[in-house]
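Single-structure report; data block below.
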Amino acid sequence: MPRFLSLLTGLLLLSLSPSLQAQAQTAVPAPTQVPPGAPTDPAKVAELHDRFVQGLQLLQQGKSEDALAIFDGILKEVPNAPGSLTMAATVELQLGQPEKALDYLNPLYALNPKDYKSIVLLIQANQELHRDIRVEQYRKELFAIRNAGPEIHGLTDAQDYPREKIYPDNKGGEIELNEFFDYKSDPYIAWEALQVAPDGTLVRHLIASYNPEETAELRKKDPVKLADVEAFLFGEFVIKDKQIKQFNLYRQETQMPTYDEFRGWVLDAIKEPPKPILVQPTN
């Protein structure tokens with residue numbers, strides 16, 4: 001187990017910064033993109049672009065409702081504007097209004113059912129509404145698009161996607177729960193939770209990770225009865241002064257946890273950090 005933890009820690013240290021940076025970027029179509037039926041007059045296009053940028057700036061300043069008003073204003077003039085549909089849905093999700101977010105996401109999805117960005121937002125909205133059948137439908141579509149072959153920046157080159165974002169207060173902090181596309185490849189993670197402070201600082205990083213070494217050892221004990229067993233560990237990369245100082249192993253399981261099981265464990269662990277059964281320094 002220590003050798004596996006050391007390998008896992010090393011892989012995460014190498015990939016943490018770019019991964020977190022990529023996940024923090026909001027999937028926004030280019031502001032200059034002209035959707036079907038939009039005005040073609042250069043002056044009007046420039047005006048819409050400027051208003052869209054203003055909405056983004058307001059959102060960055062934490063003025064979510066003012067930003068939403070901007071995006072809604074654009075949509076009154078150009079109902080199929082993908083950038084404004086995307087951002088309006090994103091704002092509603094941040095405000096804890098997934099049902100309202102769907103009012104924007106459903107027409108956005110209709111514009112391009114193969115757009116993985118809108119599918120991810122649909123997963124998040126339906127996840128928050130506990131509509132498991134819809135979540136699974138959109139998950140299958142997302143995985144199918146990723147596995148179809150053509151390279152898609154942000155999807156085929158990504159290891160995971162944000163399945164749900166939880167906003168525990170109105171001060172800008174969030175908990176992002178990510179699902180990895182292939183937990184049997186590096187860095188062997190199935191589920192991940194990132195708690196981000198209002199200033200954007202990562203404060204907690206919890207995972208449910210597949211352990212191939214322990215899985216192999218378990219199956220050797222009884223190749224017939226334990227043929228399908230898989231070893232998973234629940235742990236955390238402990239962050240102090242913006243640096244990963246150690247990996248805490250909290251518990252081990254012999255089957256992959258469901259999303260709801262991981263989510264529940266994460267929320268409990270954030271409220272009250274568990275006592276580790278093993279500590280692996282990163283130095």
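Values quoted throughout were computed directly from the atomic coordinates according to the rules given, and no laboratory measurement underlies them. For clarity, every value in this text was computed on a predicted model and none was experimentally measured. So basically every Cβ, Gly included, is an ideal-geometry build from the backbone, and we count neighbours across all protein chains shown.
Stokes-Einstein at 25 °C, 0.890 mPa s, Kirkwood radius from Cα pairs: D for the chain in µm² s⁻¹?
120
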For Glu151 and Glu272, extending 7 Å from Cα along the Cα-Cβ vector and measuring point to point gives, in nm, a value of 5.0
Set of the range 92-110 residues, backbone N closer than 16 Å to the point 7 Å along the Cα-Cβ line of Lys76 = none
Collect residues whose amide H, placed 1.01 Å from N in the peptide plane, falls under 5 Å from the amide H of Arg163; neighbours closer than 5 in sequence don't count.
-> Leu177, Asn178, Glu179
Out of Ala197, Ala158, Ala46, a Gaussian network model of the chain with alpha-carbon springs under 10 Å gives the largest mean-square fluctuation to Ala46
Just from its helices, what would the mean residue ellipticity at 222 nm be for the chain, if runs of 4 or more DSSP H residues each count -39500 (n - 2.57) and the sum is divided by every residue, rounded to the nearest 500 deg cm²/dmol?
-> -15500 deg cm²/dmol
For the range 127-132, Karplus couplings with θ = phi - 60° (6.51, -1.76, 1.60), whole Hz, Gly/Pro x | 5, 5, 8, 6, 9, 4
Near the amide H of Ile189, under 5 Å away, which other amide H atoms are found, from residues 5 or more places off or on another chain, if H is placed in the peptide plane?
-> Tyr210
Between their Cα atoms, which of Lys44/Lys165; Lys44/Lys114; Lys184/Lys245; Lys184/Lys220; Lys76/Lys165; Lys117/Lys242 are more than 23 Å away from each other?
-> Lys44/Lys165; Lys44/Lys114; Lys184/Lys245; Lys76/Lys165; Lys117/Lys242
Scoring the range 62-147 by relative contact order with C-alpha pairs under 8 Å, at least six apart, yields a percentage of 21
Label-point separation (nm) for Asp260 and Gln61, each offset 7 Å from Cα along Cα-to-Cβ?
-> 4.3
Partner lysines for Lys63 [C-alpha distance under 16 Å; skip if fewer than 8 residues away on the same chain] | Lys171
Quick one: Karplus J couplings for the range 266-278, per residue in order, coefficients 6.51, -1.76, 1.60, θ = phi - 60°, nearest Hz, x for Gly and Pro?
-> 4, 4, 5, 5, 6, 5, 9, x, x, 7, x, 9, 7
Taking trypsin sites (Lys or Arg not before Pro) as candidate sites, keep only those in a DSSP loop with at most 13 other Cβ atoms within 10 Å, then name the longest stretch of the chain containing none of them.
-> 1-113
With θ set to phi - 60°, apply the Karplus curve 6.51 cos²θ - 1.76 cosθ + 1.60 along the range 215-222 and write out the HN-Hα couplings as whole Hz, x wherever there is a Gly or Pro.
-> 4, 4, 5, 5, 5, 5, 5, 7
With 10 Å bins from zero, work out the P(r) of the range 45-129 over every alpha carbon pair and list the percent per bin.
-> 20, 51, 28, 2
